[in-house]
């Protein structure tokens, strides 16, 4: 197991470097960040002086290598607009983004697994048809529109939930209320896809010979469905989790903007609007590391779900 983890970590190094190289190149294709920051009215002498201070007067390749060398040591540079260290700006926001993403994933699984299992067990019934229609509705709902809809219904019309911010700890009543809308906004759309996958996986497993054998032994239907069928159906679900985690992090950018959530997504949008290249680059690196770490965790969970899987 240790050897496998080390091998995967080493394989992820070129992935992260590739992501930073692509983002760095694309950002510099958008124009001169210093000129965009100062505008057209500021004299060129002042702009050039600031350009030299920030190192933007050098070739792009040299800039990237210098940035990469500092990034390896944990220095992601300084913000163009505020002068603060990028790491100091990102550090307090990582927890908020992780919290939102993890809670949304829990909501996704809490909704999709029971719905998919019930839909498969009661195939072609009214419950199954209702589940499929609901899944089609949620998967067709854009994240930003769903967030605005929740704000209008629960925040404006009913006035029962706050529509912005992150108040208190998650285990407090006020903290829980402030998290309901953004978590549901991020977690419900992927629940539709997970429901459909769970249903199809369960239908395939239920027809297997060992399921009929378990029933013939007199085991309770709940035991047969949960312990034997669902556990074997979790492998494709785990695979989908690994594939959808980048989508969750990307969706967090929109959700954090809609609900003024103090996470990396909202900071990224502000940095893009201000052409703050070092902040954008740092946030992309942080999100890339979160994605590859979560993908590795999903790979390791395969062995937990299916004992036949061993990592040599």
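The values are calculated or read from the model by the stated rules, or taken from the named source; none is laboratory data. Please read all numbers here as calculations on a predicted model, not as lab measurements. Every residue, glycine among them, receives a Cβ derived from its backbone with ideal geometry; neighbour counts consider all protein chains shown.
Quick notes on this structure:
- Residue ID - farthest from the chain's Cα centre (by Cα), chosen from residues in segment 79-88 that are at pLDDT 85 or above and buried (at least 18 other Cβ atoms within 10 Å of the Cβ): 79
- Hey, residue 131 buried (at least 17 other Cβ atoms within 10 Å of the Cβ), modelled with pLDDT under 90 and either assigned to a helix (DSSP H, G or I) or touching a strand residue (DSSP E or B) at 6+ places or on another chain (Cβ under 9 Å) (or both) or not: yes
- Candidates 291, 279, filtered to the one that is modelled with pLDDT of 85 or more and under 21 Å from residue 92 (Cβ atoms): 279
- Segment 256-275 - residue that is out of contact with any helix residue (DSSP H, G or I) (no Cβ under 6 Å at 6 or more places or on another chain) and outside any helix (DSSP H, G or I) and, of those, surrounded by the most Cβ atoms within 10 Å (Cβ to Cβ): 274
- Every pair of residues 6+ apart whose Cβ atoms lie under 9 Å, when the first sits in segment 65-94 and is in contact (Cβ under 8 Å) with a residue 60 or more places away in the chain while the second is assigned to a strand (DSSP E or B): 76/85; 77/85; 78/85; 79/85; 86/78
- Residues that are in contact with a helix residue (DSSP H, G or I) (Cβ under 8 Å, 6 or more places away or on another chain), without any contact (Cβ under 8 Å) to a residue 60 or more places away in the chain and not in a loop (DSSP other than H, G, I, E, B) within segment 135-157 comprise 136, 137, 138, 139, 146, 150, 154, 155, listed in sequence order.
- Qualifying position, being assigned to a helix (DSSP H, G or I), within 23 Å of the chain's Cα centre (by Cα), touching a residue at least 40 places away in the same chain (Cβ under 8 Å) and surrounded by fewer than 18 Cβ atoms within 10 Å (Cβ to Cβ), among 278, 246: 246
- Boolean, residue 8 is under 26 Å from the mean Cα position of the chain (by Cα) and under 30 Å from residue 239 (Cβ atoms): yes
- Residue match in segment 186-197 (condition: surrounded by fewer than 16 Cβ atoms within 10 Å (Cβ to Cβ) and within 20 Å of residue 99 (Cα to Cα)): no
- Within the set 225, 253, 160, the sole residue that is touching a helix residue (DSSP H, G or I) at 6+ places or on another chain (Cβ under 7 Å) and surrounded by fewer than 13 Cβ atoms within 10 Å (Cβ to Cβ) turns out to be 160.
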